[in-house]
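The values are calculated or read from the model by the stated rules, or taken from the named source; none is laboratory data. For clarity, every value in this text was computed on a predicted model and none was experimentally measured. Glycine also receives a Cβ, built like all others from the backbone with ideal geometry; neighbour counts cover every protein chain displayed.
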Amino acid sequence: MSQQKSNREIAKLMGRSASTISREIFRNWKGEVRYDHDRAQKRTAERRKLSGGP
């Protein structure tokens, strides 16, 4: 994110929809100065444990 790309640009690079990128950022940004992918991954793992997912 340090390159200041738009959600659409990121989505195109990753082969995902822009809405998927937007949801991911919104879900994991909460109060942060910038998006931290490592922290987002940890939060995802925690949510999976609580939900009983794989």
> So which residues in region 35-46 are part of a helix (DSSP H, G or I) and of a type outside the set (A, V, I, L, M, F, W, C), if there are any at all?
Replying inline: His37, Asp38, Arg39, Gln41, Lys42, Arg43, Thr44, Glu46
> Within region 1-34, can you find the residues that are part of a helix (DSSP H, G or I) and small (Gly, Ala, Ser)?
Replying inline: Ala11, Ala18, Ser19, Ser22
> So which residues in region 31-42 are among the acidic types (Asp, Glu) and surrounded by 10 or more Cβ atoms within 10 Å (Cβ to Cβ), if there are any at all?
Replying inline: Glu32, Asp36
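Condition check ((1) in contact with a Phe, Trp or Tyr (Cβ under 6 Å, 6 or more places away or on another chain); (2) at pLDDT 85 or above; (3) surrounded by 10 or more Cβ atoms within 10 Å (Cβ to Cβ)) across all residues:
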| residue | (1), (2), (3) |
| --- | --- |
| Leu13 | no, yes, yes |
| Arg16 | no, yes, yes |
| Trp29 | yes, no, yes |
| Thr44 | no, yes, yes |
| Gly53 | no, no, no |
>> Taking the conditions exactly as written (part of a helix (DSSP H, G or I) and surrounded by 10 or more Cβ atoms within 10 Å (Cβ to Cβ)), does Lys49 satisfy them or not?
In response: no
